[in-house]
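As structure tokens, the structure follows; a few thoughts come after it.
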Amino acid sequence: MEVGLNQLTHRAQARPAKWLGAVILLMTLIFGGTGAYAATPAPTDISSDFSVGGAIKQGSANPVEGAVITVVGEGFEGSATTNARGKWEVAVPAKGTYTVTLDLTSLPEGAKLKADFSNVREVTIDKVNSVVALFPLESVTKPGTDPVEPAPTTNVVLSRIFAGLNYGILLAMAAIGLSLIYGTTGLSNFAHGEMVTIGALSLFTFNKVLGLDLILSALIATAVVTAFGYAQDAVLWRPLRKRRLGITQMMIVSIGLSILIRYFLQLVYGGDTKVLSQGDTWNVFGVLMPALNVITAGIAVLALLGFGWFLTRTRIGKATRAVSDNPSLAASTGIDVEQIIRIVWIVASALTGLSGVFIGLYFQASWDTGFSILLLLFAAVTLGGLGTAFGAAVGALIVGMFVELSTLVIPPDLKFAGALIVLILVLLFRPQGVLGRKQRIG
């Protein structure tokens, strides 16, 4: 009898070790496969994926036809001629830096570039498949017509402020989802970025591949991410919580899940960027902005206000805040903690999915869209205060503003690093974050 009891005790003690061993084995397999995926990206059709284009006009109503533009770079040389609407486009073979030259002799008599503008431009195709090279001409007045108003000059600082607000609002939705999950479960979910990616790529699938309406595609994509978040908790995180797996082990599992999903998406969608941008350009207080960006920012603000009302005014929202503050105390008052966690996963996934849709429209969609902003999401959550949803929103706005404004003084490639420097400086003086409490530290 004693021997049998010892054997059962030994098995019970060995079971967590077996699970941990299985997680480590899974991580080894996933990390081991990372290089293979990176070394063999999916083939793409280089004849039509990338392009440089633009429009040449003398004022807003006088397009220039017949102007010749040459594009050189990456071992490629091509040219194009503007059509009746003044538009031109050159297909290029790959991402990279290209030199675009406007043949001044091909312009109509009297047409000339605006002061301080050269007929040679250098453009870089990096995040998106197509870039625009502009050659603004002096406005002209045709005989018998009213003078043509010159095109508005964009205020660079104001443009960066608007871009920072827009970026911060989109980050806020995903950061709130990440903060809610951390606050109620203690999990730092590194797979959260992949939920953003799924939202962006689902929008591409339904809108561009299947040809559905943009609004309908956005709603379906958000629903897909919401369902994925609920299934993720039901299949993976809830069983691990029941087994009382430590927070560190669960974080390691989330890293493995992140890598698995990311490279699966690359396998399915390929390594190229999926273009989602569409629509007109609006003049907002003298700043030219894509109309879609203005609309999505407005919808995002309404979504954040709705979430704030849910969190502060509804019974479930108040219970969510109670669980986030102290799960044990909340359980002792009769709150079903597991049910609240399930609701949190649904709400957080819906916000993250909507964020992924809007970020896909803002930056275009690719297999690593969410991974590229994951560090900014963690920075926003930490900066605002761990486990506080409103703090995550404030932190995201700070990060978004700094990322965009920093490009005025530092190279764009360093803008994400600059945001992390701000995070470090703020935490040196206020370790709990902007809206956090000292009890949350550690």
Notebook entry, point to check: At a 1.4 Å probe radius, carbon and sulfur cover how many percent of the accessible area of the stretch 333-442?
Noted result: 71
Next item on the list: Run the quick spin-label model on Leu113 and Ile255: label points 7 Å from Cα toward the beta carbon, then report their separation in nm to one decimal.
Entry: 5.0
Note to self: Considering only protein heavy atoms and a probe of 1.4 Å, how much of the accessible area of the stretch 220-317 is carbon and sulfur, as a whole percent?
What the structure shows: 68
Next item on the list: Grab the beta carbon distance between Thr70 and Lys208, set R0 = 30 Å, and tell me the FRET efficiency rounded to 0.05.
Entry: 0.45
Notebook entry, point to check: In the stretch 63-122, which chymotrypsin sites (Phe, Trp or Tyr not before Pro) are in a loop and have at most 16 other Cβ atoms within 10 Å, using DSSP for the loop call?
Noted result: Phe117
Next item on the list: With label points built 7 Å along Cα→Cβ from the Cα atoms of Leu288 and Lys318, find their separation and express it in nm.
Entry: 5.2
Check: So what's the gap between the Cα centers of the stretch 78-129 and the stretch 271-317, to the nearest angstrom?
Finding: 32
Checklist line | Per residue accessible area of the stretch 186-237, 1.4 Å probe, in Å² | finding: 36
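The values are calculated or read from the model by the stated rules, or taken from the named source; none is laboratory data. Please read these numbers as outputs of a predicted model, since none were measured by experiment. Using ideal geometry, Cβ is built from the backbone for each residue, glycine included, and neighbour counts are taken over all protein chains shown. Areas reflect the complete protein model, heavy atoms only, side chains present, ligands, DNA and RNA absent. Shrake-Rupley method; radii C 1.70, N 1.55, O 1.52, S 1.80 Å.
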